[in-house]
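Accompanying notes for the structure given below.
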Amino acid sequence: MIDTGNHNVSHSEGQGFGMLLAVFNNDRATFASLLKWSDAHLYRKDIGLYSWRYDPAATPPVSDINTAADGDTLIAWALLLAGQKWQQPAYTAASDKLQAALIKHNVIRYAGYTVLLPGVTGFNQTSAITLNPSYFIFPAWQAFYQQSHLKTWNDLTADGYKLLAQMRFGEPQLPTDWVTLRADKTLAPADNKPARFSFDAVRIPLYINWAQPKSLALGPYVAYWRQFDRLSTPAWVDVLTGEKANFMLPPGMLAIRDAIMGNRADISDNILPQEDYYSASLHLLTYWSLR
């Protein structure tokens with residue numbers, strides 16, 4: 001999977017999206033090809049997880065060996081679904097191994113919560129940790145629990161919803177792409193990132209709706225989006241200043257809005273020519289989340 005909106009890099013998130021879509025489309029050859037490439041170029045044998053980014057223009061292409069917990073989660077979920085759909089025990093075993101590595105390297109107890117760190121390094125300080133709530137992939141955690149019955153996945157889910165209920169920042173009352181959780185349990189938009197409900201955080205309602213359609217946890221997103229006409233919804237909002245993007249939701253983000261707002265007739269699996277990798281991925285994932 002090539003990120004056409006980001007200098008044609010590839011990353012573990014995109015590989016996970018692609019592998020999921022291959023399963024949903026019953027495309028065994030593409031799934032196997034994506035997995036083979038990921039294992040050859042991104043897999044870290046030392047920890048059993050995937051490096052987050054491959055840049056074909058760089059030397060070496062994987063210059064940052066840190067991981068991305070969303071990519072690892074998506075790949076593990078895709079492997080689990082593939083193993084079940086195609087009766088391939090090797091895929092199921094690979095998923096189990098990846099899930100175990102995620103728990104070992106990314107899941108911690110902090111400030112009374114079970115949380116998923118966004119990567120293996122760089123997000124855990126003594127006085128605070130950084131979270132990315134769009135990495136709370138509830139349908140994957142649900143599937144992992146159903147497969148393994150490990151309490152960790154239920155704890156992540158329960159505490160994920162508790163944290164989201166408190167990540168209602170500023171006038172929009174929305175979470176930001178990156179959030180600081182302090183040792184005293186307080187939450188705030190991360191200091192070193194824009195305080196925006198934006199391209200990452202828009203995935204939160206997608207995953208909530210996928211796992212629990214009509215969940216009360218969707219309330220903040222419905223309340224915010226209801227203020228705008230469908231085709232006049234800004235792509236992001238700064239929760240602290242109120243500043244909004246001067247461009248509207250791209251098609252993939254609009255598909256998420258449509259799913260949450262009940263406009264399901266507007267969601268198809270037809271990708272528009274102008275859609276880049278990320279928009280197309282969100283568009284198709286939203287379509288399949290409703291199937």
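The values are calculated or read from the model by the stated rules, or taken from the named source; none is laboratory data. Computed from a predicted structure; not experimentally measured. Positions of Cβ are backbone-derived with ideal geometry, glycine not excepted, and every protein chain shown enters the neighbour counts.
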**Asked** Which one is surrounded by the fewest Cβ atoms within 10 Å (Cβ to Cβ), of the residues in the range 260-279 that are within 23 Å of Gln212 (Cα to Cα) and either among the hydrophobic types (A, V, I, L, M, F, W, C) or touching a Ser or Thr at 6+ places or on another chain (Cβ under 8 Å) (or both)?
**Response** Ala265
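When only residues in the range 63-88 that are among the polar types (S, T, N, Q) and in a helix (DSSP H, G or I) count, which is farthest from Asp3 (Cα to Cα)?
Of all residues in the range 63-88, those among the polar types (S, T, N, Q) come to 63, 66-67, 73, 84, 87-88.
With the extra rule that they be in a helix (DSSP H, G or I), the set shrinks to 73, 84.
Numbers: Thr73: 19, Gln84: 28 Å.
Taking the candidates together, the pick is Gln84.
Can you confirm whether Thr286 is of a type in the set (S, T, N, Q), in contact with a Lys or Arg (Cβ under 8 Å, 6 or more places away or on another chain) and crowded, with 18+ Cβ neighbours inside 10 Å?
On the way: of a type in the set (S, T, N, Q): yes; in contact with a Lys or Arg (Cβ under 8 Å, 6 or more places away or on another chain): no; crowded, with 18+ Cβ neighbours inside 10 Å: yes.
Answer is no for this residue.
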**Prompt:** Looking at (1) over 21 Å from the mean Cα position of the chain (by Cα); (2) modelled with pLDDT of 95 or more, which is the only condition Leu116 fails?
**Reply:** (1)
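So which residues in the range 170-195 are assigned to a loop (DSSP other than H, G, I, E, B) and surrounded by fewer than 15 Cβ atoms within 10 Å (Cβ to Cβ), if there are any at all? Please lay out each step first, then the result.
Initial filter on the range 170-195 (assigned to a loop (DSSP other than H, G, I, E, B)): 170-173, 175-178, 183-186, 190-195.
Across the range 170-195, the qualifying residues are Glu171, Ala183, Asp184, Lys185, Thr186, Asp191, Asn192.
Quick check on my filter: what residues within the range 43-61 are within 19 Å of Asn6 (Cβ to Cβ) and buried (at least 16 other Cβ atoms within 10 Å of the Cβ)?
Tyr50, Ser51, Trp52, Arg53, Tyr54, Asp55
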**Complete:** Checked the range 19-52 for anything without any contact (Cβ under 8 Å) to a residue 24 or more places away in the chain, of a type outside the set (A, V, I, L, M), part of a helix (DSSP H, G or I) and over 25 Å from Lys104 (Cβ atoms); matches are Thr30, Ser33
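Are any residues in the range 227-256 among the aliphatic types (A, V, I, L, M), outside any loop (DSSP other than H, G, I, E, B) and touching a Phe, Trp or Tyr at 6+ places or on another chain (Cβ under 8 Å), and if so, which ones? Show your work before the answer.
Looking only at the range 227-256, we keep the residues that are among the aliphatic types (A, V, I, L, M), and these are 231, 235, 237, 239-240, 245, 248-249, 253-256.
Within this subset, residues satisfying the condition of being outside any loop (DSSP other than H, G, I, E, B) are 231, 237, 248, 253-256.
Across the range 227-256, the qualifying residues are Val237, Met253, Ala255.
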**Asked** What residue, among those in the range 239-259 that are aliphatic (A, V, I, L, M) and surrounded by fewer than 18 Cβ atoms within 10 Å (Cβ to Cβ), is nearest to Trp225 (Cα to Cα)?
**Response** Met248
**Item:** Given (1) over 15 Å from Asp39 (Cβ atoms); (2) in a helix (DSSP H, G or I), index of the condition Pro60 fails
**Value:** (2)
**Item:** Members of the range 218-238 found to be of a type in the set (Lys, Arg) and exposed (fewer than 13 other Cβ atoms within 10 Å of the Cβ), listed by number
**Value:** Arg226
**Asked** Looking at (1) more than 30 Å from Gly83 (Cβ to Cβ); (2) within 18 Å of the chain's Cα centre (by Cα); (3) surrounded by fewer than 22 Cβ atoms within 10 Å (Cβ to Cβ), which is the one condition that is false for Met167?
**Response** (3)
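Taking into account only those residues within the range 46-60 that are among the hydrophobic types (A, V, I, L, M, F, W, C) and modelled with pLDDT of 95 or more, which is nearest to Gly16 (Cα to Cα)?
Going residue by residue through the range 46-60, those that are among the hydrophobic types (A, V, I, L, M, F, W, C) are 47, 49, 52, 57-58.
Going one step further and asking which of them are modelled with pLDDT of 95 or more, we end up with 47, 49.
Details: Ile47: 18, Leu49: 12 Å.
Within the range 46-60, the match that is nearest to Gly16 (Cα to Cα) is Leu49.
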**Request:** Could you please find all residues in the range 157-196 being in contact with a Leu (Cβ under 7 Å, 6 or more places away or on another chain) and basic (Lys, Arg)?
**Result:** Arg168
**Prompt:** Does Lys162 satisfy being surrounded by fewer than 20 Cβ atoms within 10 Å (Cβ to Cβ), part of a loop (DSSP other than H, G, I, E, B) and of a type in the set (D, E, K, R)?
**Reply:** no
**Request:** Please verify whether the range 198-214 includes one or more residues that are in a loop (DSSP other than H, G, I, E, B), surrounded by 19 or more Cβ atoms within 10 Å (Cβ to Cβ), more than 15 Å from the chain's Cα centre (by Cα) and in contact (Cβ under 8 Å) with a residue 12 or more places away in the chain.
**Result:** no
